[in-house]
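Read the structure below first, then the notes.
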Amino acid sequence: MGLLDGRKGIIFGVANEKSIAWAIAQKLHKEGAELAFTFAGEALEKRVRPLADSLGAKLILQCDVTKDDQIEAVFRQVQSSFGHLDILVHGIAFANKEDLKTDFLNTSRDGFRLAQDVSAYSLTALARHAAPLMQGRAGSILTLTYYGSEKVIPRYNVMGVAKASLEASVRYLAADLGPKGIRVNAISAGPIRTLASAGISGFLEMLHHVEAKAPLRRNVTAEEVAGTALYLASDLSSGVTGEVIYVDAGYNIMGM
Ligand code: NAD
């Protein structure tokens, strides 16, 4: 018997087999969840579709989270196909590459707005549509964040500010949705090689730094993040909401 037998979930944020959202999807599926998948644009469909097919997904839908009509269409289809929803995984972030190279001081208005829209506001937009489908079902919404929200990580810049906004959104959403029995949490993951992290200048330096300084003296894997996602998606965490849980080999506790 799986921890998620009979549960229905939707995964936002798979781009390829290295995506953290893909590791989470595999873990949730293994524990019995039936999953729907979305892809950000046509270019990614050919990568996402075979992965989703391999888990027997019936719903594989396009969703650029900056487009309200696409968000609405996704949840209409989820409603007609699943009828309800138990789990939503948000593994989405984007910022202009040039904003992750220069000083934060040089962030443009458009670059700031784009990072906030895709990486932070999208959680609220998706949660608002998911909530009616989760009503009365002890739903769980989870997102992925990074320590650059709290401390200055060189060149993480506008994304750090977006992650701060995302983490605050988790708390406000948890307060709004808690009375409906819906939980909202974030996992703060250590650096992992993915498509998104390849866009951060000096990312290798981040990996080496964590390996040298984190209590566990290593980096984490997407599978380890997925283990915590399973805990947050399941009844094992039924009393936990509004939290940011670190899966970072302990890096965040170090002062020196
Ligand atoms: P990834 O590139 O595999 O995933 C990012 C996803 O965001 C992609 O699937 C991409 O299609 C999606 N996306 C971007 N713009 C979008 C839009 N407009 N509409 C819909 N989807 C859009 O990389 P990842 O590292 O797995 O990132 C997943 C999450 O984990 C992100 O929030 C990221 O910030 C976070 N995170 C990553 C790391 C890391 O080191 N890799 C560490 C901590 C947190």
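Here is how the numbers come out for the structure above:
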quantity: Expected 222 nm ellipticity per residue - DSSP helices of 4 or more, -39500 (n - 2.57), all of the chain, to 500; calculated: -13000 deg cm²/dmol
quantity: Helix 222-233 vs. the chain, principal-axis angle (Cα, 0 to 90°, nearest 10); calculated: 50
quantity: Hz values of 3J(HN,Hα) by residue in the stretch 137-146 - Karplus curve (6.51, -1.76, 1.60), Gly and Pro given as x; calculated: 10, 6, x, 10, 10, 9, 10, 10, 10, 8
quantity: Cα principal axis extents for the chain, largest first, Å; calculated: 48, 37, 37
quantity: Cα pair distances of the stretch 140-195 binned at 10 Å [whole percent]; calculated: 24, 47, 23, 6
quantity: Rg/Rh for the stretch 1-147, where both radii come from Cα atoms and Rh is the Kirkwood radius; calculated: 0.99
quantity: Rounded tilt (10° steps) of 203-213 against the dominant C-alpha axis of the chain; calculated: 80
quantity: Surrounding net charge for residue 35, when Lys and Arg each add one and Asp and Glu each subtract one, Cβ distance under 14 Å; calculated: +1
quantity: Ellipsoid semi-axes in whole angstrom, largest first, where each is sqrt(5λ) of the Cα gyration tensor of the stretch 56-132; calculated: 31, 11, 10
quantity: Filter on 18/151; 30/58; 18/163; 97/151; 27/180 - keep pairs with C-alpha separation over 23 Å; calculated: 18/151; 27/180
quantity: Interatomic Cα distance distribution for the stretch 206-256, bins of 5 angstrom, percent; calculated: 5, 20, 23, 20, 16, 11, 5, 1
quantity: For the stretch 192-219 and the stretch 21-95, distance of Cα centres in Å; calculated: 27
quantity: Tensor-based shape of the stretch 108-256 (alpha-carbon gyration tensor, a/c under 1.5 rounded, otherwise prolate or oblate); calculated: oblate
quantity: Reciprocal of mean inverse Cα separation for the stretch 81-170 (Kirkwood radius, Å); calculated: 14.0
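Each value in this text was obtained by applying a stated rule to the coordinates, not by laboratory testing. Just so it is clear, the structure is predicted and the values come from calculations on it, not from any experiment. Cβ atoms come from the backbone with ideal geometry, glycine included; neighbour counts cover every protein chain shown.
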